[in-house]
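Trainee: There's a structure below that I have some questions on.
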Amino acid sequence: MDYITLSNGVKMPILGYGVYQVTKDECERCVLDALKVGYRLIDTAQSYFNEEEVGNAIAKSGVPRKEIFLTTKVWVEHYGYEETKKSVYDSLKKLKTDYIDLMLLHQPFSDYYGAWRALEDLYKEGVLKAIGVSNFYPDRLVDIANFAEIVPMVNQVETHVLNQQTEAKKWMDKYKVQIEAWAPFGEGRGGLFENPVLVKIGEKYGKTSAQVMLRWNIQRGVIVLPKSTHIERMEQNLNVFDFTLTNQDMAEIAALDTQTSSFFSHYDPAMVEWFAKMVEERKQQHDSSKEKKNW
Ligand SMILES: NC(=O)c1ccc[n+]([C@@H]2O[C@H](COP(=O)([O-])OP(=O)(O)OC[C@H]3O[C@@H](n4cnc5c(N)ncnc54)[C@H](OP(=O)(O)O)[C@@H]3O)[C@@H](O)[C@H]2O)c1
């Protein structure tokens, strides 16, 4: 495993296991499998509703807590200073730990400044070893990097062969913010696993297109978080440290960039409305379940 040193000196594995869309039923088994085959970075979020299962797996794994780099993310519903603090303590409880290696703000919407100040304070207290953001595109990232007390150490954004984030990465490099790729396979959209350029490059090294995609990002200095519920694929995705892509390979892959999201644009106002609606709906569900409990 290779490591990256963040701007505050914390060391972070360059490859980790992500549990988005891993169901509650499967999550404990998946994280146990991932730790067994050698992953040491686990990426979850309050909004994935599986922090508890991640915590169970870590507790059962026998791997010392200090060897695991654990990331989770504050969801928008919990933004604002007090709410964010509360939500971090809730995450710690679910994850069965007294510190988090990296805590991110999940989205650049609503009161993310209040939320950030809470993370800054918890970082100073040592509860959070590093703090960062996610889905902060250059305008939002440069804003927080200039106006907040602490510059985020990481920015987790959609980054894969079809959406390479070359321009956004320049801004992150300028502020020493480490880029981390979510959906490093673009979830296979746009036929990425079958892409003939990636398949052909992989054949030279006896590697799959998936391994080429991960290796390419690692060689660009991007942390990757492949997700799979299959142990054989988890192993395959980890097995990317025994070959090196040439400059020619890197250039051929760079030429595949469409500079377009395979999911949605954070600049689209309709998408911001969609997020706001989702946050409101979840709040209402949460409030009504609290009322039910009170009865
Ligand atoms: N911050 C954010 O807003 C955000 C958003 C999305 C994701 N993320 C993070 O990024 C992580 C990864 O993103 P993602 O899960 O959306 O997508 P992804 O890792 O790009 O793709 C996952 C898909 O690829 C398949 N797959 C995995 N390895 C494979 C292989 N070697 N060969 C063929 N298929 C393979 C998986 O199938 P199987 O599972 O069936 O093997 C799954 O369908 C998440 O788990 C999460 O931690 C963060």
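The values are calculated or read from the model by the stated rules, or taken from the named source; none is laboratory data. All figures in this text were calculated on a predicted structure; none of them were measured in a lab. Heads up, the Cβs are rebuilt from the backbone with ideal geometry, glycines too, and the neighbour counts pull from every protein chain shown. Accessible surface areas use protein heavy atoms only, side chains included; no ligands, DNA or RNA. Shrake-Rupley method; radii C 1.70, N 1.55, O 1.52, S 1.80 Å.
Trainee: Looking at Asp101, Asp111, which is the one that is crowded, with 18+ Cβ neighbours inside 10 Å and in contact (Cβ under 8 Å) with a residue 24 or more places away in the chain? Spell out the reasoning first.
Mentor: Working: Asp111 fails: crowded, with 18+ Cβ neighbours inside 10 Å.
It is Asp101.
Trainee: For region 121-140: of the residues being within 13 Å of the ligand (Cβ to nearest atom) and not in a strand (DSSP E or B), which is farthest from Ser110 (Cα to Cα)? Break it down into steps so the answer makes sense when it comes.
Mentor: Step one: filter region 121-140 for residues within 13 Å of the ligand (Cβ to nearest atom), giving 132-137.
The next check asks that each one be not in a strand (DSSP E or B); those that pass are 135-137.
Values: Asn135: 13, Phe136: 13, Tyr137: 15 Å.
Residue satisfying both the conditions and the ranking: Tyr137.
Trainee: So, in region 35-58, exactly how many residues are open to solvent by less than 30 Å² (accessible area, probe 1.4 Å) and within 13 Å of the ligand (Cβ to nearest atom)?
Mentor: Final tally of qualifying residues: 11.
Trainee: Is there any pair with a first residue in region 169-195 that is of a type in the set (Ser, Thr, Tyr) and a second that is not in a strand (DSSP E or B) whose Cβ atoms are under 9 Å apart and which are 6 or more apart or on different chains, and what are they?
Mentor: Listed pairs, sorted by first residue: Tyr175/Ser7; Tyr175/Leu141; Tyr175/Val142; Tyr175/Ala145; Tyr175/Asn146; Tyr175/Val151; Tyr175/Pro152.
Trainee: For region 160-276, list the helices (runs of 4 or more DSSP H) that sit wholly inside it and hold at least 2 residues that are open to solvent by 20 Å² or more (accessible area, probe 1.4 Å) and within 10 Å of the ligand (Cβ to nearest atom); which are they? Don't jump to the end; show me each part of the working.
Mentor: Values: elements: 166-174, 196-205, 209-219, 231-238, 247-254.
In region 160-276, 231-238 are the helices (runs of 4 or more DSSP H) which contain 2 or more residues that are open to solvent by 20 Å² or more (accessible area, probe 1.4 Å) and within 10 Å of the ligand (Cβ to nearest atom).
Trainee: Additional query: Under the condition of being outside any loop (DSSP other than H, G, I, E, B) and more than 12 Å from the ligand (Cβ to nearest atom), which residue from region 141-159 is most open to solvent (accessible area, probe 1.4 Å)?
Mentor: Phe147
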